[in-house]
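Report on the following structure.
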Amino acid sequence: MRDHPGLDLLGDYPFQRLAALLKDIPAAEGMAPILMHIGEPQLPQPAMVAEAVARESHLWNRYPPVEGTSDFRAAAAAWLTRRYGLPDGMVDPERHVIAACGTREVLFQTALVAVPDRDGGTGAGPPVVLMPNPMYHVYYGATVLAGAEPVLVPATAESGFMPDYAALDPNLLRRTALAYLCSPGNPQGAVASLERLQTLIELAREHGFLLALDECYSEIWRGSPPPGGLEACAALGGEMEGVLVFHSLSKRSNAAGLRAGFVAGDAAALARLLRLRNYGGAPIPGPLQAAAAALWRDEDHVVRSRAHYQALFELARRILGNRAGYHDSPGGFFLWLDVGDGEAAARAAWRHGAVKVMPGGYMSRPDSATGANPGDRYIRIALVHDLDTAEAGLSRLADALER
Ligand SMILES: Cc1ncc(COP(=O)(O)O)c(C=O)c1O
């Protein structure tokens, strides 16, 4: 059988790599495993989900609209407007929002839409997609399978854990079809300032590439709320040309299993994305769209979750804050901890503490210029549990790292 050669370039996804790393290592005896390798919020789910699903159960036998029900899109547009202080009417639910079955799928599909099949008419070489390194690996997979050249831009301690796209060679920017940015970032938790977002939007417009702003951690923050891409568009005059923002309920509402998110922004890009999704995208089932709309309309549960994440970070600081590699992050729920050798630390955490953490090098790729993998020294720890479980996990991890 012949298949897509890009699949070989991708290799295994980070979770499969971690499973292979730990396959022959027994977990510490007598300890219940604690899974801190995956960003899956373990907080209770708001009751409104079950209520909405029960109320709308007559919809199970209906094909749901791929673009989202009017109610879903209205709830999403109203949430964006409230959250980012956008001018009324800037986000038209019918033109500027489409529903997504979780954001992973649409982040992937965005590359299929944005990447031209040859050189995009620039004559300068194959199309390029920019992404931070480390990154959410879906950006990389989408880029390779869309036939573009991934350009990994360091997002390391030296660059404040954000990639500096504006500093790239203009010839490379001319070939760029798409740039992904995640703020707050996974795994480092860095937040792009409003000024950075504005500069990036101007850069994208100047060079004619699409900016995909992954904002799925936007509601989990310490200090002040992270600014968003549409807020930056508003500050630049209100046009959303060249900008898509991606929002999800997986993290905001502890609802990873609901598979509900949306994409908003540039109407023309959304129309193309919707065309693609009509051919090959999974819609959100009707009862779940109703549940998702209820969640977007409620902030109380989000405020409660945020306070819990704050407490989790205080706990982490208490237990790990004295370590040399520790740093506080303003957003998201991951600790990105410099331990010298991430794979060795992940093995030790499992062997001595029955705690699963993600080696940082699995969240990044070797730099094309230097060959060095900027995540190798790190581990990623998901702070997503109740306080007792998190305390046990972090204490066992601290002990394992001491050995
Ligand atoms: C950075 C980032 N973007 C997007 C997603 C996708 O989330 P979902 O498909 O659940 O909306 C995740 C999930 O872990 C993520 O970490």
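Numbers for the structure displayed
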| item | result |
| --- | --- |
| Residue satisfying condition, being more than 18 Å from the chain's Cα centre (by Cα), assigned to a strand (DSSP E or B) and more than 27 Å from Leu383 (Cα to Cα), within set Ala166, Ala177, Ala204 | Ala177 |
| Residue list for segment 165-196, restricted to those being away from the ligand (no atom under 11 Å from the Cβ), free of Cβ contacts under 8 Å to residues at least 60 places away in the same chain and within 26 Å of Cys101 (Cα to Cα) | Ala179, Ala192 |
| Residue match in segment 24-40 (condition: more than 21 Å from the chain's Cα centre (by Cα) and assigned by TED's automatic domain parsing to the domain that holds Leu130) | no |
| Search result, residues across segment 341-371 that are modelled with pLDDT of 95 or more and among the small types (Gly, Ala, Ser) | Gly342, Ala344, Ala345, Ala346, Ala348, Ala349, Gly353, Ala354, Gly360, Gly361, Ser364 |
| Count of residues meeting criterion [among the β-branched types (Val, Ile, Thr) and either without any contact (Cβ under 8 Å) to a residue 40 or more places away in the chain or away from the ligand (no atom under 16 Å from the Cβ) (or both)] in segment 199-234 | 2 |
| Residue that is crowded, with 18+ Cβ neighbours inside 10 Å, of a type in the set (A, V, I, L, M, F, W, C) and either under 24 Å from Glu231 (Cβ atoms) or away from the ligand (no atom under 16 Å from the Cβ) (or both), where the choices are Ala142, Ala124, Ala77 | Ala77 |
| In segment 76-104, the residues that are charged (D, E, K, R) and under 15 Å from Gly261 (Cα atoms) | Arg104 |
| Index of the failed condition, Arg304 passing every other in (1) over 22 Å from the mean Cα position of the chain (by Cα); (2) under 23 Å from Ser253 (Cα atoms); (3) basic (Lys, Arg) | (1) |
| Filter pass, Val303 being over 18 Å from Leu335 (Cα atoms), surrounded by fewer than 21 Cβ atoms within 10 Å (Cβ to Cβ), more than 16 Å from the ligand (Cβ to nearest atom) and β-branched (Val, Ile, Thr) | yes |
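The values are calculated or read from the model by the stated rules, or taken from the named source; none is laboratory data. Because the structure is a prediction, the values reported are computed rather than measured. Positions of Cβ are generated from backbone atoms using ideal geometry, with glycine treated the same way; all protein chains shown enter the neighbour counts.
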